[in-house]
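Following: one structure in structure tokens, then a few remarks.
The values are calculated or read from the model by the stated rules, or taken from the named source; none is laboratory data. Since we're looking at a predicted model, the values are computed, not measured. As a convention, Cβ positions derive from the backbone with ideal geometry for all residues, glycine included, and neighbour counts pool all protein chains shown. Note: accessible area is taken over every heavy atom of the protein model, side chains too, but ligands, DNA and RNA are not part of it. Shrake-Rupley method; radii C 1.70, N 1.55, O 1.52, S 1.80 Å.
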Amino acid sequence: MDMLSSDLPFMKMHGLGNDFVVIDRRRRDIAIGAALVRALGDRHRGIGFDQLAVIDADPGADARLTFWNADGTPSAACGNATRCIARYLLDEDDSALVLRTERGDLAARDAGGGRTSVNMGAPFLRWDAVPLAREVDLDHLPIDGDPVATGMGNPHCTFFVADACAVDLEKFGPAHEHHALFPERTNVQVAHLVGPDHLRMRVWERGVGVTLASGSSSCATAVAAARRGLTGRRVRIDLDGGTLEIDWREDGVWMTGPTAHVADGVIRGDWIGAVVR
């Protein structure tokens, strides 16, 4: 049932400043499309977020998650939102979960100390799975700066630079998000080595812009660094918003870090009706 005239509860969450509006559709059914996502994502006229996440019931998992970027485009994966929702569901009296996403079924568990771990699955390391427009060497893309391509359910392009903090992401990010080699656009990361198994990374997310953190980007950067021989498979990644621990294991890429459930609120039904009609 599409309740355009009814108020809609929502939650505001973030993982290291990567922020989300989360709608638990297990309790209220509403059709969500690009127009509503864009309106809610407007930080001046809506609520504002990097991604919108929706929780649905699923008979084969603890819940099913779907994600949208702030520009209204869908995303198959969103690591920090997955961790935030996992924390919310774990607090419903569980110790481990399986969350169904377009990227696949993702295991989640309590990591202690207020941290949550999610297995983001195995990286996609074939050109057509990233996806790229044509077959090339994923470890050395034919792009200035010699970046690495990785698929984590969404595409990633990682540049290893001398100083990630010196890169003007507002210019660098969009210039590469729309590169012809990435038919579905790409997330863009810049990273440098701080020390053994320790990276500093900044990110431009497709359909969003510069964000304080990105879980799937952190996973992709860890995989890229290991493939390049810069680090081992277990790394610490410092982002603008804080630190994540990434562990690329045989069963997938595990991501661990803190989350925050900031507020609960209600989106007015009359406002929803106005922006989607």
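Here are the numbers for this structure:
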read-out	value
Accessible area of F160 in the full protein assembly, 1.4 Å probe (Å², nearest 10)	40
Highest-first arrangement of 103-109, 212-218, where packing means the average Cβ count within 10 Å	212-218, 103-109
Accessible surface, per residue, of region 1-131 when the full set of protein chains is kept, probe 1.4 Å, Å²	41
Along each principal axis, Cα extent of region 80-136, largest first, Å	46, 20, 15
Angle between the chain longest axis and helix 215-228 axis [Cα atoms, degrees, rounded to 10]	10
For region 154-231: accessible area per residue (Å², 1.4 Å)	34
Region 118-277 - percent of accessible surface contributed by carbon and sulfur, probe 1.4 Å	50
Folded to 0 to 90 degrees: helix 79-90 orientation relative to the chain principal axis, Cα	50
Translational diffusion coefficient (Stokes-Einstein; Kirkwood radius from C-alpha pairs) of region 1-151 at 10 °C, 1.306 mPa s, in µm²/s	94
Area of T66 that stays accessible when all protein chains are in place (1.4 Å probe, Å², to 10)	40
Label of the coordinate-derived value, Cα extents along the principal axes in Å, listed as (i) 54, 39, 32; (ii) 59, 48, 29; (iii) 49, 44, 32	(i)
Sites matching trypsin sites (Lys or Arg not before Pro) across region 1-81 that sit in DSSP coil, with at most 12 neighbouring C-beta atoms within 10 Å	R27, R43, R45
